[in-house]
Amino acid sequence: MRYNHARGPVSFDVKRKLVELIQTHNDADSLAEDIIELIAVGRSDPDGFRAVSTELDRMKSLNLNK
């Protein structure tokens, strides 16, 4: 079994948003910083993946406004 903890609708939503983030990034350094930020959010926020999903939405809106 490949995954032990990441299952459910929220994790699939986060996966979809991460794939979109990766596909739209053209700067590897910036992408790495975004992923580190998402890890920090997931670890420190009690809502876990839901907080990460919200942060991904925020990042997407920032990228659209560039």
Once normalised by the length of the chain, the mean sequence separation of its alpha carbon contacts under 8 Å that are 6 or more apart gives a contact order in percent of 37
Counting only DSSP loop positions in the range 14-66, the GluC sites (Glu not before Pro) whose Cβ has at most 12 other Cβ atoms within 10 Å are none
Note to self, the chain gives a 222 nm [θ] from helices alone (DSSP H runs n ≥ 4, -39500 (n - 2.57) apiece, / all residues, nearest 500) of -24500 deg cm²/dmol
In terms of the alpha carbon gyration tensor, root eigenvalues a ≥ b ≥ c, rounded if a/c is under 1.5 and otherwise prolate when a/b exceeds b/c or oblate, the chain is prolate
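Any read-out appearing in this document is the output of simple, stated calculations on the displayed coordinates, not a laboratory observation. Just so we're clear, the structure is a prediction, and the values are computed from it rather than from any experiment. Glycine gets a Cβ as well: all are built from the backbone with ideal geometry, and neighbour counts include every protein chain shown.
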